[in-house]
1. Is at least one residue of segment 147-154 touching a Lys or Arg at 6+ places or on another chain (Cβ under 8 Å) and either open to solvent by less than 30 Å² (accessible area, probe 1.4 Å) or of a type in the set (Asp, Glu) (or both)?
2. Filter segment 157-186 down to residues that are among the charged types (D, E, K, R) and at pLDDT below 90 and give me whichever is least open to solvent (accessible area, probe 1.4 Å).
3. Scan segment 137-195 for residues that are within 16 Å of Trp59 (Cα to Cα) and without any contact (Cβ under 8 Å) to a residue 60 or more places away in the chain and jot them down.
4. Does Phe108 satisfy the criteria of being outside any loop (DSSP other than H, G, I, E, B) and surrounded by fewer than 19 Cβ atoms within 10 Å (Cβ to Cβ)?
5. If Val98 satisfies every condition in (1) of a type in the set (A, V, I, L, M, F, W, C); (2) part of a loop (DSSP other than H, G, I, E, B); (3) crowded, with 19+ Cβ neighbours inside 10 Å but one, which is the exception?
6. Considering (1) touching a Ser or Thr at 6+ places or on another chain (Cβ under 7 Å); (2) of a type in the set (Asp, Glu); (3) touching a residue at least 24 places away in the same chain (Cβ under 8 Å), say which one Glu131 fails and leave the rest.
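The values are calculated or read from the model by the stated rules, or taken from the named source; none is laboratory data. Predicted model, so just to flag it, every value in this text is computed and none were measured. Every residue, glycine among them, receives a Cβ derived from its backbone with ideal geometry; neighbour counts consider all protein chains shown. Areas reflect the complete protein model, heavy atoms only, side chains present, ligands, DNA and RNA absent. Shrake-Rupley method; radii C 1.70, N 1.55, O 1.52, S 1.80 Å.
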Amino acid sequence: MKPPVLLAALLLLPASLASAGQPPPGRSVPAVASDAGIPGVHQQGSTTTAAEAGARPSWRWPLAPRPPVLRSFDPPPKPWLSGHRGVDLGFTAGGTGVLSPAPGTVSFVGVVVDRPVITIDHGDGLRSSFEPVESTLAVGAAVGAGEVIGTALPGHCPASQCLHWGVRDGEEYVNPLQFVLDLRPSILLPPAGGP
């Protein structure tokens, strides 16, 4: 091949791959501009994980039946400020079993400050932590989705019984509800046949 033809082919390769729906080699697909404003989706030009992009939820609730959310995720604007880095889920019966929301491995069981905590590493940088939870599992134990990992204890919420569930993606806390609910906004379409 002649050098100008080879150069043109190399320059057109990324465009042909993009039109086929595949990213150029070594690059991830950016979020599209129409995703702007959706919680967890970054502006065009940055990459997103499946969880951040509002992917279909695939985890189970850590309490059964589906619990009420007593306090929502409210992260602080700066990591060192106060906020609520998880959700509080209500339960009524003492001795309520806490379930692993997805498969994983126990990465921590112990007391943090004055509360018993269990953390499950789900892989890909995702870790769930639950408190206050009493557990007999040991670090390194494999757990399946829906498997009982411990017993919820009273003491986290002053007015009612609740379980605190936090999820970290790497070192960043993310909204746990995005893994069990579709948090994307609803979009109303015009009726068939026009207005």
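1. No, segment 147-154 has no match at all.
2. Asp182
3. If the condition is that a residue be within 16 Å of Trp59 (Cα to Cα) and without any contact (Cβ under 8 Å) to a residue 60 or more places away in the chain, then Val143, Gly144, Glu147, Val148, Ile149, Arg168 are the ones that fit.
4. Details: outside any loop (DSSP other than H, G, I, E, B): yes; surrounded by fewer than 19 Cβ atoms within 10 Å (Cβ to Cβ): yes.
Yes: the conditions hold for Phe108.
5. Exception for Val98: condition (2).
6. (1)
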